[in-house]
Amino acid sequence: MRLIIAVILFLPLVTVYLVMRFTLDSHLTRISLPGNFSNANKKIFNIFQTGGAVILLLAFVFLILTLI
Amino acid sequence: MLELNKKEEVKTIKRRHIIILKLELLPLIGLALALIIFMIVFPFYFEVPEWFSVFEEYVGSLNPLFLIFFLSFAFLFVLWQIAFFLTAGYYLDAWIITDQRTIHTELNGLFSRYISSIYHNRIQDVSVDVGGVLATYLNYGNLQIQTAGKFREFLFKQIPDPYETKKLIMEVQRDFLKRRKKRSKKEKSDKYDDF
């Protein structure tokens with residue numbers, strides 16, 4: 001029961017993370033603007049993706065701590 | 001993938017004014033800050049509510065404080081992703097003016113993308129619309145290109161320096177038409193030389 005609740009709580013977050021990551025990655029590669037503009041975009045996108053992963057990890061840690 | 005023609009030179013890339021993105025992100029930043037302050041202050045005043053024991057009867061023992069932290073981080077994650085989406089939209093919505101054409105790329109939602117371009121010989125009219133106090137003060141506005149083709153309107157939304165951009169488009173169009181004229185004259189004279 002506890003495991004099911006944990007999965008129900010955490011799965012949507014992981015799904016949102018993965019969808020955002022791969023969809024926007026695909027947009028970025030397909031609409032790559034000429035010159036240095038693409039590199040600047042990639043940097044910003046990387047910051048957002050890393051930040052999202054860190055927040056997700058913290059949420060996961062607190063979920064585990066809640067259940068222990 | 002967006003590709004330029006051979007010898008096509010990018011004159012400028014325009015996006016919406018940065019203030020538009022900042023205004024969109026402002027409520028999210030406010031909410032995130034409020035949430036962070038809540039997470040810092042909350043443990044000092046926290047008391048386990050009575051209804052929580054009823055909840056625990058079904059699920060087993062849980063740490064309520066960490067549960068609140070988990071929910072707060074989950075909410076923060078959602079805010080972060082919304083900010084990510086808005087920023088991605090800002091960076092991927094662009095108007096690229098080259099010496100041959102104007103290209104517009106736009107992200108319509110998460111799964112829809114739109115790219116269109118018009119060659120400068122098809123431009124019939126360029127108009128600028130700067131409306132509102134903020135737009136006047138910060139010098140941003142809409143620039144509309146009327147074309148002779150199927151897509152009759154081409155709208156640059158809330159771009160900085162719309163008047164300068166209009167000037168640039170007019171100059172680029174003039175040069176483009178001159179080059180075309182020269183080329184067609186040369187082709188004609190080459191034809192006569194062959195005879």
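The values are calculated or read from the model by the stated rules, or taken from the named source; none is laboratory data. For clarity, every value in this text was computed on a predicted model and none was experimentally measured. When we count neighbours, we look across all protein chains shown, and the Cβ atoms used for this are built from the backbone with ideal geometry, even at glycine.
The conditions of being part of a helix (DSSP H, G or I), among the aliphatic types (A, V, I, L, M) and either touching a residue at least 24 places away in the same chain (Cβ under 8 Å) or within 11 Å of chain A (Cβ to nearest Cβ) (or both) are not met by B:Ala34.
The test for being over 30 Å from B:Leu143 (Cβ atoms), crowded, with 16+ Cβ neighbours inside 10 Å and facing another protein chain (nearest Cβ under 9 Å) does not hold for B:Phe84.
Can you work out which of the residues in the stretch B:111-131 that are of a type in the set (A, V, I, L, M) and away from chain A (no Cβ under 14 Å) is surrounded by the most Cβ atoms within 10 Å (Cβ to Cβ)? This residue is B:Ile123. Consider the stretch B:70-123 and keep the residues that are part of a helix (DSSP H, G or I) and hydroxyl-bearing (Ser, Thr, Tyr). The one that is modelled with the highest pLDDT is B:Ser72.
Hey, does the stretch B:49-63 have a residue that's crowded, with 16+ Cβ neighbours inside 10 Å and within 12 Å of chain A (Cβ to nearest Cβ)? Yes, the stretch B:49-63 contains at least one residue that is crowded, with 16+ Cβ neighbours inside 10 Å and within 12 Å of chain A (Cβ to nearest Cβ). Go through B:Leu67, B:Leu25 for me and flag whichever is closer than 30 Å to A:Arg21 by Cα, assigned to a helix (DSSP H, G or I) and either facing another protein chain (nearest Cβ under 9 Å) or touching a strand residue (DSSP E or B) at 6+ places or on another chain (Cβ under 8 Å) (or both). So the residue among B:Leu67, B:Leu25 that is closer than 30 Å to A:Arg21 by Cα, assigned to a helix (DSSP H, G or I) and either facing another protein chain (nearest Cβ under 9 Å) or touching a strand residue (DSSP E or B) at 6+ places or on another chain (Cβ under 8 Å) (or both) is B:Leu67.
Just one residue in the set B:Val78, B:Val41 is within 8 Å of another protein chain (Cβ to nearest Cβ) and free of Cβ contacts under 8 Å to residues at least 12 places away in the same chain; that residue is B:Val78.
Filter the stretch B:154-187 for residues that are in contact (Cβ under 8 Å) with a residue 40 or more places away in the chain and among the aliphatic types (A, V, I, L, M); which is nearest to B:Leu92 (Cα to Cα)?
The qualifying residue nearest to B:Leu92 (Cα to Cα) is B:Ile159.
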